[in-house]
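Heads up, the thing below is written out as structure tokens.
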Amino acid sequence: MIKYMNIIPDYDTGTVKVKLYTDKKTAKAEYSLNDGGRFIRADLNRDDNSFEFYLEGPHAWTIEDPYLYTLSLKAEFEDGTHQELSDSFGVRKVSVADGKILLNNKPFYMRAYIRGTICHDHQNLCGLSQSEFYEKSIKNAKAFGFNTIRFHSKIPPRACFEVAYRLGMFIHIEMRNADEEYDNLSEMIGGNNIFPSDETIKSLVLTLMNHPSFMVYCIGNEIKHPGVNPRVEQIAKLIKELDPSRLFIDTCAHGEFDRDYVEFDVQHMAYYYPFGKHYDMFENTDNLIVYGSCKGAEMTAGGENGGAEYRITRGIEATRPVIAHEVCHYTALRDIFGLEKKFEKYGKEKPWWIDEQKKMLKAKGFTERFYTMYHASKRFQLMSWKLALEAIRRSPILNGFHMLQFADTDRYENSNGIVDCFDDINYITPEMFLKFNGDTVLLADLPRRTYFEKETVEIPVYVSNYSQKDFSECDFEFELTDIRTKKTALSGRFHNISLEKSGLYKVLKLHITFPPVDAAAEYKLSMRVVPLNGENVISNDWSLWCFENKPEKLDTEGCGFALSSINAALRYRQIKACPDARVLVTDTLDENVFDALERGKSVLLFYRADATRHLVTGKPNPKYAFRATWERFKAVIWDRGTNYGGIVNKPAALSGFPHGNISDFVFGGLIEDSDKIILDDFPVSVTPIFEGIDKSVRDRFDVRGRGFSYPDFVYDRTLRRFGYIFELKVGAGKLLVSGLNFAGVGAGIPEVCGMFETLINYVKSDAFTPSDSISLGEFIRYLSENGKKDVVRERMMTQFWQLDNAPVESAEYWKASKEYILEGESE
């Protein structure tokens, strides 16, 4: 009998080879195509029990048009028995040439999402059939622009392949037996990877051969030093012999740059944040140095002499297609109240973490404000996804990405999915996402988002085009709109833009000069590429902010300045000391602050302490200190970080600063390298003017060992109440505190200057009327007690996020991080 019927089409020639794997000799065979009813005698090759036929002008299988043929077969065996069977196949070609992945000889940009291992997948919570389960997910993923699924450490069931080839979705598998579950810490850090046997591989090839949706064989995730492991190269050779029609890669991330048996590469590039100093993080190959050479090539060298130092690193050119590994795993708050209702609706037991998060919200006093926080965190997540995916699409070295992930898991509390764990659309819509994840994306190269009035900006405009559509000739249009007034500040049109080529290319440069303004404003920069036939318009937009550039307008009358680390006098010549002024503006928390408050004065304190950066400075808390953590303008990456965005609770206090009531790029230069003050244990309840939202998830090392055992949520390191800016009545005086970074005042960074002026204007105004109050004595006692305590030491994953100085964690980092925490716990 026939165990397998492998159908192998050749896209270039139109030839289709059919190979039969039987346990008895075949006497003859007849086939019919697309149930035509007429069977044709097959000319069997007795050597390998195969036959061929020819398709005239075959209808190709593509993501947009997943056309399938059906082959029906009647076989007669030499013992007189018969068998009939049929299977579907698609005519498509996956290949690599000139550093690009090709589908049917045209450039293909891999827009993949990850599922598979339990921490990145979810159960069939809606009670659907297996096919319906995968169909719902794949239909939604395609609506958001994805074209590939990477099954992390897993081979999906047959039903998934069938749905994928019917709907048009590629699949990347990682070869592991069904009963072998991925162990993140053991394999990622310990290198205890599991390799498939030859028999397992042969069975896989036979089973999966006919699925046009099956694209990539991969051994596993983050395999250490694959290029020097002989078993890895053995597997590569075997797969290429058995099935040359698909791509092979040994590992997703951690592979050496000079392996010569893989057709493309997947590399770590995602632990920075593509804004500020890491804006170009996807445009270089420096991260490849981390994983070294499998051929003994020197990667780095260095030395020193009398205090002078040097370091040399190898320049690495991408010689094959590179895919960015596990990008965009930016988490946000989950709609736990909505999820609770869904689990009840479908009769499923809700995960334990839903009740625990509800308890934590209640204990922190956040229950009533939860949805305000939730929407702010989702906006910050969407902003981060757009930022990162546009940076990836602008990269000259990347041929795609693996996004972690499309749907939330139900196993853990982390929410880095676009849709929820029921595969339902959750806040973010396809229309929002397709602007930066469609087949064709319009890209603006914008390393900055804040500017001064009358400033001229040069904006290179790119197109990332992987569409099958014919755009013909196009026009380019742009518009700069003032969000406050809804009026158009600038607009223009440019003719004869060609989108005939596939790939990434620059189409033009746009120069804009911001108008004079009487107040800071947010602008929306909209761009469109419009084909002459009016169809398939491509559009995208970005928020930009414009600030007044009139430092002389700042009224400092009545203010005395005592600034030691903020060089404000470089820009604001009117700043003076004035010790008897009614408002003290200072960046030092000392007795002068307490004296001013005792005398009924107003104080504006720009709080910044070396101790907040204890991780690198080693400095203890000063005599008087707030509890603060080192902040970055950077989304939380799964469990790394503390920034879920922010909320402006008192807009009137920041009336001169354009903010939209949430954290956005306009706060970038202020939040980066700032002191985010923790108010959980403050003696009185405080509602910050500008509040930071902490992550609501646990650190994986706390949960799963490595010397720690904190399986439950620990309140003093999770969902803390953070204050970027807050105000208090302290005794007879009034205090306004900001832990934001004002080092950029002297350098003339627009948003930093704008906030500096806004806070001075506010603290001088009649609107400065704090509602929360504390006695001066209690305030001093609190600060003094903090000064005697240890600094705030974040957990292992967040320390890496704070340091922000390496593309991926090293063994040395894990060791030092653990020791740093244990040092604090022993004090």
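The values are calculated or read from the model by the stated rules, or taken from the named source; none is laboratory data. Since we're looking at a predicted model, the values are computed, not measured. Reconstructed Cβ throughout: ideal geometry from the backbone, glycine too, with neighbour counts over all protein chains shown. The protein model used for the area step is the full one, side chains on, heavy atoms only, and it has no ligands, DNA or RNA in it. Shrake-Rupley method; radii C 1.70, N 1.55, O 1.52, S 1.80 Å.
A few notes on this one:
- Condition met for THR769 (out of contact with any strand residue (DSSP E or B) (no Cβ under 7 Å at 6 or more places or on another chain) and open to solvent by less than 10 Å² (accessible area, probe 1.4 Å)): no
- If you filter segment 776-799 down to residues that are farther than 20 Å from GLY824 by Cα and over 39 Å from the mean Cα position of the chain (by Cα), you find that the one that is most open to solvent (accessible area, probe 1.4 Å) is ARG781.
- Positions within segment 427-443 being open to solvent by less than 50 Å² (accessible area, probe 1.4 Å), farther than 16 Å from LEU499 by Cα and not β-branched (Val, Ile, Thr), in sequence order: PRO430, PHE433, PHE436, ASN437
- Test: residue in segment 47-57 that is closer than 30 Å to THR319 by Cβ and surrounded by 16 or more Cβ atoms within 10 Å (Cβ to Cβ): no
- Against the conditions (1) of a type in the set (Gly, Ala, Ser); (2) without any contact (Cβ under 8 Å) to a residue 24 or more places away in the chain; (3) open to solvent by less than 10 Å² (accessible area, probe 1.4 Å), GLY220 satisfies every one except (2).
Matching residues to (1) open to solvent by 20 Å² or more (accessible area, probe 1.4 Å); (2) out of contact with any Pro (no Cβ under 8 Å at 6 or more places or on another chain); (3) under 17 Å from PHE366 (Cβ atoms); (4) modelled with pLDDT of 95 or more:
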| position | (1), (2), (3), (4) |
| --- | --- |
| ALA625 | no, yes, no, yes |
| TRP638 | yes, yes, no, no |
| PRO651 | yes, yes, no, yes |
| PHE665 | no, yes, no, yes |
| ASP673 | yes, yes, no, yes |
| ILE678 | no, yes, yes, yes |
| PHE682 | no, yes, yes, yes |
| VAL686 | no, yes, yes, yes |
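Conditions (1) open to solvent by less than 40 Å² (accessible area, probe 1.4 Å); (2) at negative phi, marked per residue:
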{"residue": "GLU76", "(1), (2)": "no, yes"}
{"residue": "ASP79", "(1), (2)": "no, yes"}
{"residue": "SER88", "(1), (2)": "yes, yes"}
{"residue": "ASP98", "(1), (2)": "no, no"}
{"residue": "PHE108", "(1), (2)": "yes, yes"}
{"residue": "ARG115", "(1), (2)": "yes, yes"}
{"residue": "LEU125", "(1), (2)": "yes, yes"}
{"residue": "LYS136", "(1), (2)": "no, yes"}
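- Considering residues of segment 281-331 that are of a type in the set (A, V, I, L, M, F, W, C) and more than 25 Å from the chain's Cα centre (by Cα) only, the residue most open to solvent (accessible area, probe 1.4 Å): ILE312
- Scanning segment 461-493 for residues that are open to solvent by less than 20 Å² (accessible area, probe 1.4 Å) and either out of contact with any strand residue (DSSP E or B) (no Cβ under 7 Å at 6 or more places or on another chain) or part of a strand (DSSP E or B) (or both) gives VAL461, VAL463, SER464, ASN465, CYS474, ASP475, PHE476, LEU480, ASP482.
- If the condition is being outside any strand (DSSP E or B), open to solvent by less than 10 Å² (accessible area, probe 1.4 Å) and either of a type in the set (A, V, I, L, M) or out of contact with any strand residue (DSSP E or B) (no Cβ under 6 Å at 6 or more places or on another chain) (or both), then segment 709-743 contributes THR718, LEU719, LEU740.
- Among the residues listed as ARG640, ARG704, ARG599, ARG613, the single one being within 23 Å of the chain's Cα centre (by Cα) and among the basic types (Lys, Arg): ARG640
- For segment 245-265, a residue qualifies if it is part of a loop (DSSP other than H, G, I, E, B), aliphatic (A, V, I, L, M) and either within 21 Å of PRO212 (Cα to Cα) or at pLDDT 95 or above (or both), and exactly one does: VAL262.
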